[in-house]
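In what follows, a structure is listed as structure tokens, so that the remarks can point back to it.
The values are calculated or read from the model by the stated rules, or taken from the named source; none is laboratory data. Computed from a prediction, not measured in an experiment: that's the story for all the values here. All Cβ positions, glycine included, derive from the backbone under ideal geometry; neighbour counts span all protein chains shown. Quick note on the areas: whole protein, heavy atoms, side chains included, nothing else; ligands and nucleic acids left out. Shrake-Rupley method; radii C 1.70, N 1.55, O 1.52, S 1.80 Å.
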Amino acid sequence: MIKRTIFRPEMKKIIPISCTIALLLLALFSCNQFPDENNSAVDIRVSTDSISFDTIISQYGTTTQSFRIINPTFQSLVIKNITLGSGQNTFFRLNIDGNPVQSMSNVELMAHDSIFVFVEATFPEMDVDSICFQLDSVVITAADQTQVVRLWTWSQDVIRKSGRTKAGEVWDGKRPYLIRDSIEIPFGEKLIIKEGTQVFFHQNAYLKIVGDLVVEGTAEQPVVFQGDRFDKTIFGDDYETAPGQWAGLVLYPFSKGSKIDHAIIKNGTFGIWAGAIGYPELAEIEISNTVIKNQSYAGLVSFGAKVNCSNTFFADSYTCILLYNQGEYNFNHVTINNNYSHAVREAGSVHVSDYFDYKGIRYNGEFGGITFNNSIIYGNIDDEFTMNVLNAKSIPVRFQSTLLKLKNEVELTEYVRKSNLILNVNPLLVNGETENFMFPDTLSPAIDQADVHVAQLFPLDIFGNSRTNDGQPDMGAVEFQK
């Protein structure tokens, strides 16, 4: 259970007093257009009764939100006071009609006019592991009428990291980790990240893996890699689902023992970048029980690596798997469901090329093998598997017991070995209890269609459910529960 600590500054006692009908009518039909400071028929209104911010990292500023104070009557009035309920003992800030203040008095408001009140906040570190609930209010007083707009949000202390990790360093889930620029796992060193840990990255920040990264999440407490914004973009989208909020995990060719198990890697430019352009050495990594989604470039992009990936979801990225030049890639019980909507996709969810052009130089090579077993590759364009080929023999691709959306079957005929391939059939994936997983529907054609021998090598699905109990395993990362 997550502990929550409440920080609530003392607020003024507020007793709203209703205006009488007679006095209201008097105000409406009065010929007096001058500001009235004492008329008890004053009827100020506010455009909202509360403003909330998403969780804010300590020492980060919130976005700016606003509300209006409205005079709906036919006469001008004077607002006696606009102030924060906690006075000076607060971390919230006001800007009233362009003036940065904590409070403002004797504000004239013309008939049928309004003023804007802008609200921001910055919270110091509270030195607690729990999320802190922050509460205040804006109190507006005119004559004997009072309006209150409640302000509330949460703040979260973090552990800030930069430079290089130390030998034997272990990150746990007590507090999130914040990477503002980048951090490097040095050659020969290992960083272990325990279950339930959250790692936040600032814009363009990345994790440089020269040594080894070992992620030890669980189904109940995955390790989460994501950006450091939790509010909304200027377009109203949630930053937590908007792609391109940070760079990604960069796996250098010297890394040979990296393992990622039960992780969520989201809203970056790329989830995992493996290998280096023109470098013959292959990085090595195992990825299992993981979700990689909402990437503006690619979920996994490789210029040369040995990748074993199982029980993993790729979703809603410009490209989910992008493989260049060289490497050996085995994907088993992988689900790709790509409905990326932030740009027009030109390549499939899986794109393979035996060359890469960079600064006028063409780098080309040969793959050791690319295999998809018991997997689902589907999305919102016609061809979800695409290739750029200089040498037909350089890309040995095999699909076994896989559901694939592919309008142009010529590439399969010329370059790909296949068995039990289901083409252009909707896998009928439905949302589960969380946004991270897509489950096969009752009528999904992927049910009972996986190769038994491959399934025996991966007997449990991403949730730990058995694939082999009924002797008829399903394609994809999730076994349908009958």
For region 257-308, with equal point scatterers placed on the C-alpha atoms only and solvent neglected, what are the log10 I(q)/I(0) values from the Debye formula at q = 0.23, 0.29 1/Å, to two decimals? -0.88, -1.13
Residues of region 269-321: accessible area per residue at 1.4 Å, in Å²? 25
To the nearest Å, what is the center-to-center distance of region 214-228 and region 271-309, using C-alpha atoms only? 17
For Lys266, go through the lysines and keep the ones whose alpha-carbon is under 27 Å away, minus same-chain ones fewer than eight residues off. Lys3, Lys161, Lys166, Lys174, Lys190, Lys194, Lys208, Lys232, Lys256, Lys293, Lys306, Lys405
Share of region 361-482's accessible area from carbon and sulfur, percent, 1.4 Å? 48
If you take the alpha carbon radius of gyration of region 258-381 and divide it by 2.2 N^0.38 Å, what ratio comes out, to two decimals? 0.99
Please state, to two decimals, what the Cα-based radius of gyration of region 343-411 comes to when divided by 2.2 N^0.38 Å (N = residues). 1.20
Give the aspartates and glutamates reachable from Lys80 as a straight Cα distance under 18 Å; neighbours fewer than 8 places away on the same chain don't count. Asp36, Glu37, Asp43, Asp97, Glu108, Asp113, Asp144
Got a number for carbon plus sulfur as a percent of region 36-177's accessible area, 1.4 Å probe? 45
With bins of 10 Å, the percent of all Cα-Cα pairs of region 92-150 per bin from 0 is 16, 45, 24, 11, 3
How many Å² of accessible area per residue for region 331-482, probe 1.4 Å? 48
Pop out the ³J(HN,Hα) list for region 298-312 in order, Karplus 6.51 cos²θ - 1.76 cosθ + 1.60 with θ = phi - 60°, rounded to Hz; leave Gly and Pro as x. 7, x, 10, 10, 9, 10, x, 7, 9, 10, 10, 10, 9, 6, 10
Could you rank Glu220, Glu414 by how accessible they are, 1.4 Å probe, largest area first? Glu220, Glu414
Return the distance in nm (one decimal) between the two label points of a simple spin-label model at Val452 and Ile277, each offset 7 Å from Cα along Cα→Cβ. 4.9
Binned at 10 Å from zero, the C-alpha pair distances of region 335-482 give percents of 11, 37, 33, 16, 4, 0
Restricting the count to DSSP beta bridges whose residues both fall in region 223-343, what percent are antiparallel, rounded to a multiple of 5? 5
If you stretched the chain out fully between Lys174 and Lys259, how much longer would it get, using 0.36 nm times the residue separation minus the C-alpha to C-alpha distance? 28.4 nm
Per residue value of the accessible surface for region 127-197 (all protein chains in place, 1.4 Å probe), Å²: 42
